[in-house]
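Asks: I'd like to ask you about the structure that follows.
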Amino acid sequence: MENREKLNIFYKSAIEVANQQSAQILREHTATMEHLFEEYKKNKQKEIETRYQIEVEKLKREQNRRLSEAQTEQKRQLSLHQQAKKEALFAVVGKKLLEFCRSAEYDHYLEVKIMQARCFAGESEAEIYLSRQDADKKQALEERTGCSLCVDEADFGGGIRAVIRGRNVLIDESFETKLKQAQDAYTF
């Protein structure tokens, strides 16, 4: 065998070994790169999922905030509407009370309330007050009830007030007070 043939065989053998080593290195490098790529994909997928969850939570909080604001505004509007309706209702009730104060039934009502106050006072002295608007009814009521009446300086919308000093009692049967109590107690 000649040197050239030996050299050729050696060259082929060296090339074959180099190709095998190169192929082995390439396979290992490819496997490493594929492993790194899979890790990278997993990390990116986790990062994307985390970002997604953060955005979902952010959107839910924003939606809840907007919903809460809308509910608060609706409650405020409802409260304003209810208050307006309540005021309108009690304005009508006030007008009805004024109409009642002009009727004969009102005179009878005052007589009954005066007699109840007098009865409650018993032997104690009672100062019974009429509203300023009822000053014209004073004399007729005194004659019918036999009680001395006073006209209050304040106009309390009708009804009576009585003070029983001996028992330290105030009887407030005024329409102003009753209307205020009804208004305070009224709810929708």
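Asks: Does residue 109 fit the bill of being assigned by TED's automatic domain parsing to the domain that holds residue 164 and either in contact with a helix residue (DSSP H, G or I) (Cβ under 9 Å, 6 or more places away or on another chain) or surrounded by fewer than 12 Cβ atoms within 10 Å (Cβ to Cβ) (or both)? Working first, answer last.
Replies: Numbers: assigned by TED's automatic domain parsing to the domain that holds residue 164: yes; either in contact with a helix residue (DSSP H, G or I) (Cβ under 9 Å, 6 or more places away or on another chain) or surrounded by fewer than 12 Cβ atoms within 10 Å (Cβ to Cβ) (or both): yes.
Taking the combined requirement at face value, the residue satisfies it.
Asks: Next question, about the same structure. State which residue is surrounded by the most Cβ atoms within 10 Å (Cβ to Cβ) when the search covers only the stretch 169-188 and only residues that are of a type in the set (Asp, Glu) and closer than 27 Å to residue 137 by Cα. Give the derivation first.
Replies: If we filter the stretch 169-188 for residues that are of a type in the set (Asp, Glu), which is where we start, we get 172-173, 176, 184.
With the extra rule that they be closer than 27 Å to residue 137 by Cα, the set shrinks to 172-173, 176.
On the way: 172: 15, 173: 20, 176: 18.
That would be 173.
Residues are listed down the side, and each one gets a yes or a no for (1) closer than 30 Å to residue 79 by Cα; (2) assigned to a helix (DSSP H, G or I); (3) aliphatic (A, V, I, L, M); (4) in contact with a Cys (Cβ under 6 Å, 6 or more places away or on another chain):
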position	(1), (2), (3), (4)
94	yes, yes, no, no
100	no, yes, no, no
136	no, yes, no, no
140	no, yes, yes, no
166	no, yes, no, no
182	yes, yes, yes, no
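Asks: Oh, and also: Determine whether the stretch 150-168 contains at least one residue that is free of Cβ contacts under 8 Å to residues at least 12 places away in the same chain and exposed (fewer than 10 other Cβ atoms within 10 Å of the Cβ). Spell out how you get there, then give the answer.
Replies: Residues of the stretch 150-168 free of Cβ contacts under 8 Å to residues at least 12 places away in the same chain: 168.
Right, trim to exposed (fewer than 10 other Cβ atoms within 10 Å of the Cβ) and you get 168.
Yes, some residue in the stretch 150-168 is free of Cβ contacts under 8 Å to residues at least 12 places away in the same chain and exposed (fewer than 10 other Cβ atoms within 10 Å of the Cβ).
Asks: Residue by residue through the stretch 119-143, note down the ones that are more than 22 Å from residue 99 (Cβ to Cβ), surrounded by 15 or more Cβ atoms within 10 Å (Cβ to Cβ) and in contact with a helix residue (DSSP H, G or I) (Cβ under 7 Å, 6 or more places away or on another chain).
Replies: Within the stretch 119-143, 126, 128 qualify.
Asks: If you don't mind, another one. Does residue 67 qualify as being more than 30 Å from residue 150 (Cβ to Cβ), surrounded by 10 or more Cβ atoms within 10 Å (Cβ to Cβ) and hydrophobic (A, V, I, L, M, F, W, C)?
Replies: On the way: more than 30 Å from residue 150 (Cβ to Cβ): yes; surrounded by 10 or more Cβ atoms within 10 Å (Cβ to Cβ): yes; hydrophobic (A, V, I, L, M, F, W, C): yes.
Here the answer is yes, as residue 67 does meet what is asked.
The values are calculated or read from the model by the stated rules, or taken from the named source; none is laboratory data. Nothing here was measured: the structure is a model prediction, and the numbers come from that model. Cβ atoms come from the backbone with ideal geometry, glycine included; neighbour counts cover every protein chain shown.
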